Amino acid sequence: MVLRCQVEVLYFAKSAEIAGVRSETISVPQEIKALQLWNEIEARHPGKDMNEIEEKSKDIIKFTAEKLSIDEVSQLVVSPLCGAVSLFVGTTRNNFEGKKVISLEYEAYLPMAENEIRKICSDIRQKWPVKHIAVFHRLGLVPVSEASIIIAVSSAHRTSSLEAVSYAIDTLKAKVPIWKKEMYEESSSSWKRNKECFWTASD
C-alpha cells in the first residue's frame with residue numbers, strides 16, 4: 001500500500017493566471033519527488049504550459065508622415081520572454097558638406113519598400129534568434145533633430161538584437177527604394193542618392 005499525503009500548492013503571478021486558482025490541495029505519494037509533483041500539477045491543468053505562454057513573433061512595418069515616437073516603437077517589441085530591446089534611431093542633422101540643413105524630405109515606392117523590409121525581417125530571423133521586429137520610416141518633411149527611421153528588435157540576449165539592428169539598417173539603406181532630399185537654409189535643395197544602394201554602386 002502506497003502511503004499518501006495532502007500537499008497544498010500555492011500559485012503566484014503567471015502560474016496563478018494559468019491555473020485559474022491561487023491554491024489547491026492535492027493527494028500525492030509521501031515519497032514523491034519534485035519532478036513527479038510538477039508533472040502531477042501539470043496533469044491537473046491539461047493543455048496549459050505552466051512554464052510559458054506561447055507568444056507569436058511579430059514583424060511591424062510602417063511608413064507614415066506623422067512624427068515618430070521612440071517610446072511607441074520600442075514598446076511594440078517588448079516581450080516578457082526577452083531581456084533585450086535594441087534600437088536604431090536615424091535623425092536629421094543640421095549640416096552637410098558645410099551647408100546648413102533645415103529639414104529632409106523622404107519619398108518611397110511603398111509596395112516595393114514594404115516588401116524589401118519584410119525580406120530583411122525574414123533574413124534576420126534566419127540569422128539570429130530574435131522575437132519581435134519593428135521598422136518605422138517617416139515620409140515627407142523631417143525637421144532637424146526629429147527621427148526619420150526607428151528600428152527596434154527584441155531578443156532573449158543583447159548580442160542577437162544588437163547585431164540584428166545593425167544588419168537591418170545597413171541592408172535597408174542598400175536595398176529599399178527610399179529617396180531623400182536635403183533642404184538648405186539658403187532656399188536651395190538637393191536629392192541625395194544613397195551611395196550604399198546596389199543600383200548606384202557602379203556609378
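Taking the stated definitions as given, is ASP203 of a type in the set (Asp, Glu) and at pLDDT 95 or above?
Working: of a type in the set (Asp, Glu): yes; at pLDDT 95 or above: no.
Taking the combined requirement at face value, the residue does not satisfy it.
Could you list, in sequence order, all residues of segment 129-152 that are touching a helix residue (DSSP H, G or I) at 6+ places or on another chain (Cβ under 6 Å), more than 22 Å from GLU107 (Cα to Cα) and either free of Cβ contacts under 8 Å to residues at least 12 places away in the same chain or buried (at least 22 other Cβ atoms within 10 Å of the Cβ) (or both)? If you could, list the steps in order and put the result at the bottom.
The first filter runs over segment 129-152 and keeps only residues touching a helix residue (DSSP H, G or I) at 6+ places or on another chain (Cβ under 6 Å), leaving 129-130, 133-136, 150-152.
Narrowing further to those that are more than 22 Å from GLU107 (Cα to Cα): 129-130, 133.
Residues satisfying the conditions are VAL130, ILE133.
Quick grid of which residues meet (1) touching a helix residue (DSSP H, G or I) at 6+ places or on another chain (Cβ under 7 Å); (2) surrounded by 13 or more Cβ atoms within 10 Å (Cβ to Cβ):
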site: MET1; (1), (2): no, no
site: LYS14; (1), (2): no, yes
site: LYS58; (1), (2): no, yes
site: THR64; (1), (2): no, no
site: ALA84; (1), (2): yes, yes
site: GLU97; (1), (2): no, no
site: LYS100; (1), (2): no, no
site: GLU114; (1), (2): no, yes
Conditions (1) part of a loop (DSSP other than H, G, I, E, B); (2) free of Cβ contacts under 8 Å to residues at least 60 places away in the same chain; (3) of a type in the set (Gly, Ala, Ser); number of the one not met by SER27: (1)
Of the criteria (1) β-branched (Val, Ile, Thr); (2) surrounded by fewer than 16 Cβ atoms within 10 Å (Cβ to Cβ); (3) under 20 Å from LYS173 (Cβ atoms), which one ILE120 fails: (2)
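Please tell me if SER79 is open to solvent by less than 60 Å² (accessible area, probe 1.4 Å), closer than 25 Å to LYS131 by Cα, among the small types (Gly, Ala, Ser) and assigned to a loop (DSSP other than H, G, I, E, B). Let's see the steps before the verdict.
Working: open to solvent by less than 60 Å² (accessible area, probe 1.4 Å): yes; closer than 25 Å to LYS131 by Cα: yes; among the small types (Gly, Ala, Ser): yes; assigned to a loop (DSSP other than H, G, I, E, B): yes.
Yes, satisfied.
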Looking only at segment 153-170, and only at residues there that are hydroxyl-bearing (Ser, Thr, Tyr) and assigned to a helix (DSSP H, G or I), the one that is most open to solvent (accessible area, probe 1.4 Å): THR159
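Going through segment 66-76 one residue at a time, which ones are open to solvent by 80 Å² or more (accessible area, probe 1.4 Å) and in a loop (DSSP other than H, G, I, E, B)? Steps first, answer last, please.
Of the residues in segment 66-76, the ones open to solvent by 80 Å² or more (accessible area, probe 1.4 Å) are 66-67, 71-72, 75.
Scanning segment 66-76 gives GLU66, LYS67.
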Residue match in segment 87-107 (condition: touching a residue at least 12 places away in the same chain (Cβ under 8 Å) and part of a helix (DSSP H, G or I)): no
Which listed residue is in a loop (DSSP other than H, G, I, E, B), more than 30 Å from TYR167 (Cβ to Cβ), of a type outside the set (D, E, K, R) and in contact with a Pro (Cβ under 9 Å, 6 or more places away or on another chain), from VAL21, VAL2: VAL2
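The values are calculated or read from the model by the stated rules, or taken from the named source; none is laboratory data. All of these numbers come straight from a predicted model, not from anything done at the bench. Cβ coordinates were reconstructed from backbone atoms using ideal geometry, including for glycine residues, and neighbour counts include every protein chain displayed. Just so you know, the surface numbers come from the protein's heavy atoms only, side chains and all, with ligands and any DNA or RNA stripped out. Shrake-Rupley method; radii C 1.70, N 1.55, O 1.52, S 1.80 Å.
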